[in-house]
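Scroll down for the structure; my scribbles are underneath it.
Read-outs throughout are calculated quantities, based only on the coordinates presented, and are distinct from any laboratory measurement. Treat the numbers as computed from the prediction; the structure is a model and nothing was measured. Every residue, glycine as well, gets a Cβ built from its backbone with ideal geometry; the counts of neighbours run over all protein chains shown.
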Amino acid sequence: MRVAAWALAQNVPRGNTAFVGARMRHPSAVQPRRAGMDRACSVIGECMKRTMLFLMMATSAASILQAQTFSKDVAPILQRNCQMCHRPGEAAPFSMLTYEQTRPWAKAMLAAVVQKKMPPWYADQKVGKFANDRTLSQSDIDTLVGWVNGGAPLGNPQDMPAPREFVEGWTISKPDIVFQLPKPFPVPATGIMEYQYVIIPTGFTKDTWVEQVQAAPTNSSIVHHIVAYVRTPGSNYFKDMPKNEFFEAPPAKQEAAPKDDVPSDWLTGFAPGQPPDVFKPGQAKLIPAGSDIVLEVHYMPEGKATTDQSRLGLVLAKEPPVERTMTLSAVNQSFKIPPGDPNFRVDASYTLPEDVTLLGLHPHMHMRGKSAQYRVVFADGEIETLLDVPKYNWRWQLWYDLAEPLKLPKDTKIECTEHFDNSPNNRENPDATKTITWGQQSFDEMMVCMFNVAFDAKITTKQMLAPPPPKPAQTEAKPTAERGSQR
Ligand code: HEC
């Protein structure tokens, strides 16, 4: 992940002042035009008006040029938009907590915000409104650009805002319960790692409602992703596997087909850019009495042997919620992407068996992922596009939380279309000569469209599940990652 990030950084135009030229011209550059303007004035009043207008424009341009300092103008923007990732211990490669740490990156920051690579956000602005939209406002972009082009000065240290407080290690409130991998997992310097699983018994003797949940690595540099599943008592999911020990998924045929509940109900996930789950008051996820947590961790070695002991933090609801939240997904496992195909389409859908409120969307693909679109098709045939991600970036597993949760009646269909680029023009494509099918590794593919819903807490899990998806394309079914909640 890092390597590609740096490759990207090399390609961006450094300190590209052309962007600025268009927006802000230094007053002196405009000066010569004034004489001509004076001569053209026939009426005094008209002249005055034009001169006033000119002066106003000049002063605003001049004040933008002069006033941008780190302490007064830039630090507040970084606190609001960047520091959550750009601070020690988080995923980003450098810290923006202090002027000294930030200053060497000024030109890269300019390029990143002007090209809209940072903050990471991939939804087309014209479709839908999202509560967690990270897009910078144009005025914040202008301020950052003005600051960099003005030499990126510190300004008066007295102007510096009070540092923003972050809860160390957790972005949720202080967890009531923390489950952790039984011991530090040794991650080698190189190689491709299978997903590592650990079954952790919760010991919960009654149904437990969770209103905030976060999976967190202790070493974020080598954790590609974490998923925490709930395994209910009697589930066949990993039935014969040991508890509190690391293991890799056995071949799928050893697992009896799950008959009852969701074999592996999605509790939460971690991946760069993916926020933890924090539900509204009155909403919570259910961990039924006697359940286990199944933690799935995908490590990606990065050149140095190290360890990680990922954790899961739960903030419990003080009373049973009115609404239950659940992560569901429309999935298609039966695709075969031909070698070289630059725009291969795969569709999936989920017809809602009950009334729900739709909360958020999360398209999931791997290296060949190109674009994603979610639509709702109402029972009367009306179609509404909910999310359009025209240029998907698999390195950012983002959730798009609806600004206004959407009530969807029973029998509404959620449709999802994802396109894949298996051509050599896709810079992320490791091999354009292969036919690509469903698989766990980043060089295999997945077609998953997850979404979060809230519904009457009395509705059971079984009632919420749509009919099962088509089987994978391969004859030998591989164990799949997000198996349970996919339908
Ligand atoms: C959600 C987390 C997150 C947020 C928010 C975020 N960054 Fe980043 N940033 C990263 C990560 C991770 C990387 C390294 C990987 C990459 O470049 O994709 C990175 C890389 C960068 C780079 C390095 C080189 C480059 O251009 O790729 C710059 C510069 C940068 N970020 C600037 C910013 C600025 C400025 C903001 C705020 C306006 C910001 N970032 C907000 C996570 C974040």
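Computed values, structure above
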read-out	value
Any chance Thr98 is farther than 30 Å from Ala215 by Cα, polar (S, T, N, Q) and more than 24 Å from the chain's Cα centre (by Cα)	no
Cβ-Cβ under 7 Å pairs, at least 6 apart or on other chains, the range 81-99 side closer than 16 Å to Met160 by Cα, far side within 7 Å of the ligand (Cβ to nearest atom) and outside any loop (DSSP other than H, G, I, E, B)	Met96/Leu78
Members of the range 69-93 that are near the ligand (Cβ under 7 Å from one of its atoms) and part of a loop (DSSP other than H, G, I, E, B)	Cys82, Met84, Cys85, His86, Ala91, Ala92, Pro93
Condition check for Thr327: under 21 Å from Val227 (Cα atoms), crowded, with 17+ Cβ neighbours inside 10 Å and polar (S, T, N, Q)	yes
Considering residues of the range 343-378 that are assigned to a strand (DSSP E or B) and aromatic (Phe, Trp, Tyr) only, the residue surrounded by the fewest Cβ atoms within 10 Å (Cβ to Cβ)	Phe344
Identity of the residue in the range 94-108, hydroxyl-bearing (Ser, Thr, Tyr) and part of a loop (DSSP other than H, G, I, E, B), that ends up nearest to Thr143 (Cα to Cα)	Thr98
Extreme residue, nearest to the ligand (Cβ to nearest atom), among residues of the range 105-125 that are touching a residue at least 60 places away in the same chain (Cβ under 8 Å) and within 19 Å of the chain's Cα centre (by Cα)	Ala112
Identity of the residue in the range 134-160, within 15 Å of the ligand (Cβ to nearest atom) and without any contact (Cβ under 8 Å) to a residue 60 or more places away in the chain, that ends up farthest from Asn393 (Cα to Cα)	Ser139
Leu181 being hydrophobic (A, V, I, L, M, F, W, C) and touching a helix residue (DSSP H, G or I) at 6+ places or on another chain (Cβ under 6 Å)	no
